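Enquirer: Supplied in structure tokens, the structure appears directly below.
The values are calculated or read from the model by the stated rules, or taken from the named source; none is laboratory data. Keep in mind that this is a model prediction, so the values were computed, not measured. Counting neighbours? That spans all protein chains shown, and the Cβs are built from the backbone with ideal geometry, glycine included. Each accessible area value is taken on the protein alone, full model and side chains, heavy atoms only, with ligands, DNA and RNA left out. Shrake-Rupley method; radii C 1.70, N 1.55, O 1.52, S 1.80 Å.
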Amino acid sequence: MKSVWMILITGLTALTLAACGQNESDANTISISELTEREDVILSVTSEQSFVFDFNIDDEYKEVAVWIEKYEAGNLVDDRLGYMTTQAEQNGTIIFSFSENDSENNNSFNIGIAVDGAITSMSGSDSNLTDLEKMSSVSGNIPEKKAVDNGEVVLASISYSQDEDGIQSLTTDFYEDAAGHMNELEEYELTYLLKAEFIK
């Protein structure tokens, strides 16, 4: 499993380097990666949920930090699940994969940051989860390119609910202004937010 994860990160690093010729309008932004069919297949085999983002930043940014926040019924219960940082270059890729509720009632995740041919990655889990198999889940991510110069950025979410009437993903407004729409998280028993921050 770890070797497949490293092969995937290496392949996505090559994709990022090929996209280095971005124009000025891409400066200081992050967006969903356009993956090949093969990359999509590899991700689907190795995880149940996955997200890949490309970023383009100016030289003034020195580090990138990525982490997961965990919320229960809208209340923050863990603000640094899987926290990691690495040096930032002008272009890079952030990879997040997630596998649900294994035999020990854990949700496991992998986070990787590929920058200038170097890869920083970590694996972790959220343990002692119960009744997830009785819940519906939904995921979402930033709808398009997003500026990175306003502090923390919510990149993606995975939410769980027992609502018998169905479950909807977070609104586009949430990804544009998470602080102003945190009440949306109250609709879910459990939510994971994948966040990033680019540090000068």
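Enquirer: For the range 146-193, what are the residues that are touching a strand residue (DSSP E or B) at 6+ places or on another chain (Cβ under 7 Å) and among the acidic types (Asp, Glu)?
Expert: Once the filter is applied, which keeps residues that are touching a strand residue (DSSP E or B) at 6+ places or on another chain (Cβ under 7 Å) and among the acidic types (Asp, Glu), the range 146-193 yields 152, 187, 189.
Enquirer: Mind checking which strands (runs of 3 or more DSSP E) fall wholly inside the range 25-114 and carry at least 2 residues that are more than 15 Å from residue 141 (Cα to Cα)?
Expert: 63-72, 75-87, 91-99
Enquirer: Can you name every residue in the range 48-64 that is farther than 22 Å from residue 149 by Cβ and buried (at least 18 other Cβ atoms within 10 Å of the Cβ)?
Expert: Within the range 48-64, 49, 50 qualify.
Enquirer: Condition first: open to solvent by less than 20 Å² (accessible area, probe 1.4 Å), in contact with a strand residue (DSSP E or B) (Cβ under 6 Å, 6 or more places away or on another chain), of a type in the set (Asp, Glu) and within 19 Å of residue 199 (Cα to Cα). Can you find one or more residues in the range 65-75 that meet it?
Expert: yes
Enquirer: For the range 118-151, name all the residues that are open to solvent by 50 Å² or more (accessible area, probe 1.4 Å) and among the acidic types (Asp, Glu).
Expert: 131, 133, 144, 149
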